[in-house]
Structure formats: structure tokens, C-alpha cells
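Here, each number is a calculation from the coordinates, and none is a lab measurement. Predicted model only: the values in this text are computed from it and were never measured. Don't worry about glycine lacking a Cβ; one is built from the backbone with ideal geometry, like all the others, and counts go over all protein chains shown.
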Amino acid sequence: MNAKSMKAMNERIGVVCIHGAGLKGEIWQKTSQYIEAPSLFIDLPLRSGTDEVRCKLTFLDYCAEATRQIESWPVRKFIIVAHSIGGSIALRLAEDLKDRVVGLVAVSAAIPRDGGSFLSSLPFLKRMAFAAVMKLAGTKPPGSAIRSGLCNDLPRSQSDAVVNSFVPEAKRLYFDRTDAPIPAIPKFYIKLMKDQEFTPVFQDRMAANLAADHVIELQAGHLPMLSNPSGLGAILQGLLEHLSGTQGSNS
């Protein structure tokens, strides 16, 4: 990339995408085809590493790896698009990189209150059950649970791919506090109306925790980047254009 291209890329608002637990950054590939902006797909740490090493990581280790990837990216200003547990990481990044983050889009994301952990965002009974199961069986759900919760609106071939590639995460990703406030930037929540993992009612609570400026409904299950990439991409493109116009009028 020459100096002129680098400068032009640096001046555009980009999109940093954070995937959910067990997944990889490549899950955003199809959605990015509908977004006219530089895009960075964060890979949470050690996607191809051993479970033993990955499971020793802390929440801050996850954030540090995301920050490392962003710091090597030439785009100066960007929005964060965070899915599922990625919402917790997004809050920390928005605080640590506040001079660069110009917007936050939560896609059926967990948004803890008062700097809490991902686990703290869950309803009490689900939180207790989740913690108990995790202590006994680890952080990779059985294939049947992945299919019914994450893949309920996906064809069998895509469901198989998600199940087979699912990466167990460190327990501290779920248990550690974010210690991050809700950022004072434009915030949007994409509510997935067919989601069986995070119900629409739960998503309403998360949107309220985020103090979202707007809630946009999308007819999709928990993985819209696979089941409805064009719909998700169109929403993100519209939000990006809105934020780019706002940034331009403030410059």
C-alpha cells in the first residue's frame, strides 16, 4: 500500500468487529461484503492454540490481544461492532481507546452494568446454572446446545461447521469484571428477533444497560453474520453512514 492509499484509509471511519465466544474473526467475512469501509475482524487469542494454554487467560489478556491487532491497523477512527460476549470486551476497548472509537454497535451482545462481568449480566437463575455447568464441564457447550442456541436458523451444514470449529474459552473471560463504564459515544443495539441464545427480552435489558440511542430489529438468530449477512450488513452500512455524516459535521 502506497503513502497516498495509507493516508486515505487512515482518514476513513473503519469497522472493528469482535466475535462471540467459541468463534473466529472470519465469521464476519460475508457481512463485510455489504459494508463500504475498512474492516478489521478481531481474532480473540489463541484460536488455533491448545485449550490448556488458552484457558489460563484472563479477561484483560483477551482485551490486550484485541488492542494489539487494532494498534497494527492503519485506520485511526472506527466503530466497534460487538457480538454476544464481545460486548464485554468492547466496553473495555472503548474506554482504553476512547480517542479512536467513535461509535459502538452491539449485536445481541451482553452489556454488564457498573463494570461487572459477563456472568453478572445474566438473570440470577441462569447465572447460577451457567456457572455450575461451566465448573463441571468447561466452556464448550455440548453440540446439541450449540445447535439449538446459536444455530437455530442455520442449515445443517453451517451448524456442523460452527459446532466442529467451536473453541473453548478461558473461564475468566466470563467471570472477570470489565471495570469499564458505558462509553459516552453514539451507541446502537441490534436486536435479533429469532435469537434462542439471548432472547429478545434479555436483549431489551442489554440495550437498556448500554443506554442505546437506537434499537434496530433484525429477523435472525444468534449468528446473523451467517444467517442474514446482507440484512446485518445493510444495518451496519446505514449506521456507518450516519456516524460518518455526524463526524463530518463536527469537524
So ARG76 and GLU52, fully extended at 0.36 nm per residue minus their Cα-Cα distance, gain in nm 5.1 nm
Once phi for every residue in segment 13-18 is put through the Karplus expression 6.51 cos²θ - 1.76 cosθ + 1.60 (θ = phi - 60°), the whole-Hz ³J(HN,Hα) values, with Gly and Pro written as x, are 6, x, 10, 9, 9, 10
Note: probe point = Cα of SER165 + 7 Å toward Cβ; backbone nitrogen < 20 Å; residues of segment 82-107 passing the test are 82-87, 107
For the chain, the longest principal axis of the Cα atoms and the Cα long axis of helix 86-96 enclose an angle in degrees, to the nearest 10, of 40
Packing-ranked peptide list from 47-57, 65-75, highest mean Cβ count within 10 angstrom first, is 65-75, 47-57
Expected sort for ILE216, ILE35 with the fewest Cβ neighbours (10 Å cutoff) up front is ILE216, ILE35
Dividing the helical contributions, -39500 (n - 2.57) per DSSP H run of n ≥ 4, by the residues of the chain yields a 222 nm value, nearest 500 deg cm²/dmol, of -13000 deg cm²/dmol
Relative to the chain, whose Cα atoms define the longest principal axis, helix 229-250 and its Cα axis are tilted in degrees, nearest 10, by 40
Kirkwood Rh over alpha-carbon pairs of the chain plugged into Stokes-Einstein at 4 °C, 1.567 mPa s gives a D in µm²/s of 71
Rounded to whole angstrom, the alpha-carbon centroid of segment 124-158 lies from that of segment 43-101 at a distance of 23
Candidates PRO141, PRO112, PRO224; GNM for the chain (alpha-carbon contacts under 10 Å) flags as most fluctuating PRO141
Taking Cα atoms only, helix 156-165 is inclined relative to the longest principal axis of the chain by an angle, in degrees rounded to 10, of 90
Mean separation of Cα contacts under 8 Å (at least 6 apart) over the residue count of segment 3-245, i.e. the relative contact order in percent, is 25
Here the gain from full extension of LYS98 to ASP204, 0.36 nm per residue of separation minus their alpha-carbon distance, amounts to 35.6 nm
Candidates LEU44, LEU60, LEU226; GNM for the chain (alpha-carbon contacts under 10 Å) flags as most fluctuating LEU60
